[in-house]
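Notes to accompany the following structure.
The values are calculated or read from the model by the stated rules, or taken from the named source; none is laboratory data. Values in this document were obtained by computation on a predicted structure and should not be read as measured data. For neighbour counting, all protein chains shown are included, and Cβ atoms are generated from backbone atoms with ideal geometry for every residue, glycine included. We work out accessible area using only protein heavy atoms, side chains counted, and drop any ligands, DNA or RNA first. Shrake-Rupley method; radii C 1.70, N 1.55, O 1.52, S 1.80 Å.
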Amino acid sequence: MIEIKNLTKSFGKNLVWKDVSIDIHPGETLAIIGKSGSGKSVLMKHLNVLLYPDEGEVLIDGENVFEMRYARLRKLRQRFGVLFQGAALFDSITAFENVSFPLRYFSDFTEQEIRNRVLESLDLVNLSDIGNKSPAELSGGMRKRVGLARAIVLKPDYLLYDEPTSGLDPQTSNEINDLIINMAETLDITSVVITHDMHSVLRVADKVAFLDEQKLSWYGTIDEMKTSDHKALKAFVKASEYTI
Amino acid sequence: MRLFIDVGRYCRLIYEAIRSSTEFSMYWKNLINEMVKTGYDSLPIIMLAGFFTGAVMTIQTSYQLVAGFIPATTIGSIVSQSLLIELAAVISGLVLAGRVGARIATELGTMSVSEQIDALESMGFNSVTFLVMPRVLAGVFMFPIIYVTAVVAGLLGGIASALMTGALPVSDFMLGARQVFTPADVSFGIIKSFVFGFIITSISCFKGYFATGGAEGVGKATTQAAVLSCIYILLADFVLAFVLL
Ligand SMILES: Nc1ncnc2c1ncn2[C@@H]1O[C@H](COP(=O)(O)OP(=O)(O)OP(=O)(O)O)[C@@H](O)[C@H]1O
Ligand SMILES: [Mg+2]
């Protein structure tokens with residue numbers, strides 16, 4: 001269980017958002033939506049302590065993550081798989097090595113086990129034969145999927161996806177959506193999905209958090225979202241030209 | 001104000017690198033890699049710079065020392081001692097501020113703005129140990145070797161220009177060099193090169209690691225890394241001369 005409590009974050013004088021509180025229950029998939037610059041990525045980076053807030057806390061299984069010592073924090077971070085917005089692949093090594101990277105340093109697998117696990121992960125994202133290419137040789141969508149393969153390779157408890165379907169064709173988007181659902185259901189993973197894609201929200205999410213005007217403007221279930229008469233939320237949903 | 005914040009963050013980064021060095025054994029491959037990139041790959045440009053420095057100095061010194069009563073060996077003495085205590089270290093420092101500093105700042109800057117550093121941290125790596133530590137250590141280890149290379153190349157340059165221009169017999173050049181040689185001068189040069197290696201790599205890591213703002217930010221970090229490295233090399237050169245000579 002992840003409890004975000006009264007979180008406030010600013011960079012210098014620029015307030016990103018204040019007083020954000022959300023509970024994310026085990027096995028649940030939370031979608032974070034909001035305009036570009038509303039602080040979705042920033043919020044996500046607080047969950048595994050890549051950023052520290054000005055105020056507030058994040059409790060994971062009851063423990064405040066911002067007070068953890070480094071050794072404990074490292075263990076916590078390894079329970080998270082993260083797909084970054086631009087995939088964040090290491091560009092000096094191949095796609096295969098990118099996916100095997102965390103295994104090589106943080107598991108005691110044999111070479112063969114690493115290979116199998118990497119191929120299994122690549123298979124899950126529908127990339128089987130690109131292993132030896134460098135990230136620069138891959139398309140944006142492929143990079144994203146390699147990033148996803150790397151995020152799931154350590155079999156995390158939580159998955160954070162920063163815009164997993166942006167820049168992908170509709171078919172691949174659907175495959176990624178299916179994968180997110182699949183990970184959540186079969187492995188009982190708790191997921192946080194940042195997205196602009198309302199189609200994706202409706203497919204994968206249980207709960208929706210809408211960041212707007214430097215706060216958590218709206219929070220609720222998918223069904224509540226469909227019937228909500230929150231103005232900014234409706235406008236946001238409508239702008240994505242998806243009628244619900 | 002900005003400067004104080006920067007100095008604070010710089011010190012924290014270096015402190016973190018030193019503090020986390022206990023788990024360094026995990027990352028020794030990075031160190032080897034960096035030593036090759038910082039040291040070995042820099043040797044051609046260093047030999048070139050050293051060679052021409054020695055060659056030009058020999059010609060200039062012989063041009064400046066026209067008085068007949070000054071023995072020709074003096075030219076060898078002046079050139080070799082200047083190389084040892086000043087020129088080899090400073091010139092290789094300035095050249096590598098561009099070559100090594102810019103590379104490090106670009107690498108780390110790109111990693112920073114494309115969230116690769118976040119990715120490392122999120123996998124459980126200590127990004128400072130993984131990225132900064134090997135680069136700074138490689139600088140500190142490799143710069144003395146670079147310095148020695150520059151000295152040797154400079155002496156060869158001096159000999160070559162003595163041969164080509166006939167400014168003085170090669171034997172006089174060598175004799176002059178040997179007359180003034182003291183190990184203390186070499187130690188001085190090596191201490192300098194240690195310091196310069198640390199300055200270039202740590203400043204460039206700092207600028208790259210904290211780069212923000214996309215490709216433009218990386219460009220800015222790279223320029224600042226090269227410029228600041230040069231400035232601090234010159235400052236350190238002065239301070240070391242003052243303290244040690
Ligand atoms: N490291 C940082 N330093 C300073 N400001 C930052 C930093 N990271 C983010 N910001 C600022 O915080 C705000 C929110 O950024 P964030 O990346 O979370 O937006 P986002 O909602 O993810 O937008 P997008 O949909 O475009 O990815 C922006 O104004 C951004 O400029
Ligand atoms: Mg974002």
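Here are a few things to note about the model shown:
- Taking Cα centre as origin and charging only the Cβ of basic (Lys, Arg, +1) and acidic (Asp, Glu, -1) residues, the dipole magnitude of region A:167-244 rounds to 340 debye.
- Antiparallel bridges, percent of DSSP beta bridges restricted to the protein assembly as shown (to nearest 5): 55
- Ranked by solvent-accessible area (1.4 Å probe, protein heavy atoms only, all chains present), the residues B:164, B:47 order from largest to smallest as B:164, B:47.
- Projecting the Cα positions of A:26, A:182, A:87 onto the charge dipole of chain A (unit charges on Cβ atoms of Lys, Arg, Asp and Glu, taken about the Cα centre) puts A:87 furthest along the positive direction.
- Long-range HN-HN contacts of residue A:193 with modeled amide H, under 5 Å: A:30, A:31, A:32, A:161
- Near residue B:16: Cβ cut-off under 13 Å, other residues only, Lys/Arg at +1 and Asp/Glu at -1. The net charge is +1.
- Comparing A:76, A:38, A:48 along the charge dipole axis of region A:30-116, the residue lying farthest to the positive side is A:38, per the Cβ-charge model.
- Rounded, prolate or oblate (a/c below 1.5 giving rounded, otherwise prolate when a/b exceeds b/c) for region A:1-90 by Cα gyration tensor: rounded
- Entries in A:5/A:35; A:40/A:155; A:5/B:29; A:35/A:133; A:9/B:29 that, when Cα-Cα distance is taken, lie over 31 Å: A:5/B:29; A:35/A:133; A:9/B:29
- Farthest toward the positive end of the dipole of the protein assembly as shown, out of A:138, A:128, B:150, is the Cα of B:150, where the dipole comes from beta carbon charges about the Cα centre.
- Equivalent ellipsoid semi-axes - Cα gyration tensor, the protein assembly as shown, angstrom: 57, 22, 19
- Ranking A:183, B:26 by solvent-accessible area of protein heavy atoms (1.4 Å probe, all protein chains present), from largest to smallest, gives B:26, A:183.
- Residue A:97 sits among other residues whose Cβ lies under 13 Å from its own Cβ, and their net charge, with Lys and Arg +1 and Asp and Glu -1, is +3.
- Each Lys and Arg contributes +1 and each Asp and Glu -1, all at the Cβ; summed about the Cα centre of chain B, the dipole is approximately 100 debye.
- Rounded to the nearest 20 debye, the dipole size of chain A about its Cα centre is 660 debye, using +1 on the Cβ of Lys and Arg and -1 on the Cβ of Asp and Glu.
- Packing around the peptides A:230-238, B:201-209, taken as the average count of other Cβ atoms within 10 Å per residue, puts them in this order, highest first: B:201-209, A:230-238.
- Residue list for region B:69-91, given a label point 7 angstrom along the Cα-to-Cβ vector of residue B:191 and an amide N cut-off under 14 Å: B:85-86
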